[in-house]
Amino acid sequence: MSPIIEIQNISKEFPARRGFRDLRGKGGFTDWIRGHKEEKFAALRDISLSVEAGESLGIIGRNGSGKSTLLSIIAGVTLPTSGLVKVQGRVASLLELGAGFSPVLTGRENIYLNAGLLGMRHAQVDAVYDEIVRFSGIADFIDQPVETYSSGMYVRIGFSVAAFVNPDIFLADEVLAVGDEEFQRKCRRKIGELREQGKTIVFVSHDLGTINTLCERVVLLDNGKMMQRDTAQKTIIYYLRQVGREKGIHTFRDGAEEAIQCDGRITLFHEQEEISASTGFRVHLTSLGQEHSSTDAEWEVSDRNNNGCSATGSMARLPIQLIWELSFESGRLLWRIAMVCERECPVTNIAINFQIPVAYTRWLYGDLTGGFPDIEPTDTNWSVVVAPEAKSTETAVLPEAGSVMPPLMFRLQEGSSRFSLFWANTEYANYSRVLCVQAHFPDHDCVFSAGRHDLVEIEVDPTIPAARIEEHVFSSRTIRSGRVTARFESGCIRLLWDDQEITSYLHVYTSLLIEHLWNDSQSLQWRSITPIPGGIRFVGESRRFPFSQEWEVLEAESGIQLRIWLVTTDALTVQEYHSTVVLPAEYTQWKTDHEQGEFPEYDSEVPNWKHCNQSYAPGRSITSLSGTLPSITMSVDDECPQVRMTAINTSLRESSRVLQALHPSDVGRLQFTAGRHLYFSGTIRITPPKSE
């Protein structure tokens, strides 16, 4: 099957335009009279390419590189000076603003005129007319002459006609550069739909994110010559290495890692593969309701060296300079960002966006993990994946299996307390994941004084092996004691023996029965996580009742020491509470200070958890045994309030065993005054299995 567009060795030359004062000089009117050769400008030089039916081709390059000329030749608007062009099928094109419109005709008349030029009969236009007008959003002006239209209205009606005439080939030149944001989103979505329908798309744009999303293949033009013709990612990467002013670009590296600072955008590579999305890493400032991107600034690089640089960007519309210090240290990219205000300036939001490819499918954030949802063609806005309320100063992402991408670890360094991290998916057009490092300043505290303000320091680490990334992410909430590892996650503690998990379901957790409602520790809002000598401390606050819990997890011989306080801000009445260890079904026996027994088989007819012991006398320890796993003992010390040790079988759904230190009330209620009360104090010890 032959290509739907075939271009063979085309060149295009234009006469060099000259002003009136040049008519007397060389190449002017006198030379023309004497028959001297006219000066020519070569817009395209020996271009050859083909486009298959259903393919999406992007054309990128600097201003004046020949992009629009090439698209005009494909559209048949202009002819090549030499070479051959073959185009099959109906072509809908959106080239120069207002091209093909009669200014004296109304919008309605121009719809029929343009559609007719594209080969549609009047009846065919009637069938889609309402859709064209509805999509354009200018129904109130459709019977006005288009000479009264704004540039945005021109684009609306022109795009709408081109998109709804059922073209075989859709040509667009910077169609998303004009018009409001809402209509741009509609355009991106419609182009995505045309692509899904198998239409052939040739798209010219400076928006590399849109090009990367919509196009399987990209052509790079420079000074009329084809410099690159490859996949979108490879061509854009090549372009990024060439584009920009020399004083605003610097490439630096450290072993397998390489970065490019290019006029306010950072591109990151690992073993020559780009691990940032095509839009790269950027800074955005919001002032007086307007967003300003670091790519809008005029940049100058100084202190250039092989593994870093300093860069200064003067914002075009703000009295602000951005100061970036970039360096590699052992393969880790360090990015320090400061802001210098020439005078007082209000800034309500500062955002550093790290856009990365969708090949990254799993995120790790604080003590949470999860997968990114798919980005669909109907997604026209960013969607938050992990909210900034889950406070963390570090996060990581993992690529899909078999990907050449390395895991990425992001850390906020000390002094960056105003900033928070959250993950999002972009809209379909940009088609990437994005880590947002953001600080919001309320109106009463948003004015930055004249002078330098150090904002944030961020580390990007692509050097950690996938097998160890979780260990690094969770290091701040993990302690090791011999063969035992304890890791805090969302209100519970996971216990591992030789890296094999030996707790299950709810793991090690607490719960209080208040007003007939169980308040598990997983339901608390855990914010403060701090290191202490020999361990770590966690603080979780109830959103429903006036209390919080403080946990201290300390190293102990063959296990952990656990101390928990209940902190109440008001009087609190509790019916009972407990501290619990949940184990897998491989644990078959239990033993307390008073009795011992075997865990029974799970009964599908019993939906609730069931106590196994007969005695509820106060005790100090409870142990669970397994033939293959290490034994586990939970015991309390002398400071701990009196508890009753009990063994519990869960329902079949959870299929777990439970060791519980229960504190019931002998008089029906436990009364806590406002203050700090010891809730539990003891140890959880792990003993090697008898098979060892």
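None of the figures in this text is laboratory data; all of them are computed from the coordinates on show. On a predicted model such as this, the values are computed, not experimentally measured, just so you know. Heads up, the Cβs are rebuilt from the backbone with ideal geometry, glycines too, and the neighbour counts pull from every protein chain shown.
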Modelled FRET efficiency - R0 45 Å, residue 569 with residue 338, Cβ distances, 0.05 increments: 0.70
With r as the distance between the Cβ atoms of residue 330 and residue 413 and R0 = 22 Å, compute the FRET efficiency 1/(1 + (r/R0)^6) and round to 0.05. 0.90
Please list, ordered by chain and number, the residues whose modelled amide H lies under 5 Å from the amide H of residue 277; skip anything fewer than 5 residues away on the same chain. 355, 356
Separation of the residue 290 and residue 614 label points, Cα + 7 Å toward Cβ, nm: 8.3
Want the number for residue 593 to residue 541: 0.36 nm per residue separation, take away the alpha-carbon distance, what's left? 15.3 nm
Just grab the label-to-label distance for residue 604 and residue 14, each label 7 Å out from Cα along the Cβ direction, in nm (one decimal). 7.8
Here segment 460-471 yields Karplus 3J(HN,Hα) values (6.51, -1.76, 1.60; θ = phi - 60°; whole Hz; Gly and Pro given as x) of 10, 10, x, 9, 7, x, 4, 5, 10, 5, 5, 4
Determine the percent antiparallel among the DSSP beta bridges restricted to the chain, to the nearest 5. 90
If the chain between residue 515 and residue 193 were fully stretched, how many nm would it gain, using 0.36 nm times the residue separation less the Cα-Cα distance? 110.5 nm
Arranged by the count of other C-beta atoms within 10 angstrom, fewest first, what order do 497, 551 take? 497, 551
What is the chain's relative contact order, in percent, from Cα pairs under 8 angstrom and six or more apart in sequence? 8
Amide hydrogen neighbours beyond the local backbone of residue 219, cut-off 5 Å, H modeled: 58, 59, 60
Provide the FRET efficiency to the nearest 0.05 for the residue 108-residue 206 pair, computing r from the beta carbons and using R0 = 25 Å. 0.15
Residue 150 paired with residue 256, simple spin-label distance in nm, labels 7 Å along Cα-to-beta-carbon: 5.2
Computed ³J(HN,Hα) along segment 212-227: with the Karplus parameters 6.51/-1.76/1.60, θ = phi - 60°, integer Hz and x for glycine or proline, the list is 5, 6, 8, 10, 6, 9, 9, 10, 10, 10, 8, 6, x, 10, 7, 8
Ranked output for segments 128-135, 255-262 by mean other Cβ atoms within 10 Å, highest leading, reads 255-262, 128-135
How do 467-475, 70-78 rank on mean C-beta neighbours within 10 Å, highest first? 70-78, 467-475
Going by amide H atoms built from the backbone, whose H comes under 5 Å of the H on residue 587, apart from near neighbours? none
Can you tell me which of 480-491, 335-346 comes out highest on packing, and rank the rest after it, using the mean Cβ neighbours within 10 Å? 480-491, 335-346
For segment 209-332, what's the relative contact order in percent, using C-alpha pairs closer than 8 Å and at least 6 residues apart? 18
Which entry in [x] 70, 35, 21; [y] 65, 28, 25; [z] 72, 28, 22 matches semi-axes √(5λ) of the Cα gyration tensor in Å derived from the coordinates of this structure? [y]
Note the full-extension length gain between residue 642 and residue 52 as 0.36 nm times their separation in residues minus their Cα-Cα distance, in nm to one decimal. 204.6 nm
For the chain, what is the calculated [θ] at 222 nm in deg cm²/dmol (nearest 500), taking -39500 (n - 2.57) for each run of four or more DSSP H residues and dividing by its residue count? -4000 deg cm²/dmol
Radius 14 Å from Cβ of residue 649, net charge of other residues (Lys, Arg +1; Asp, Glu -1): -3
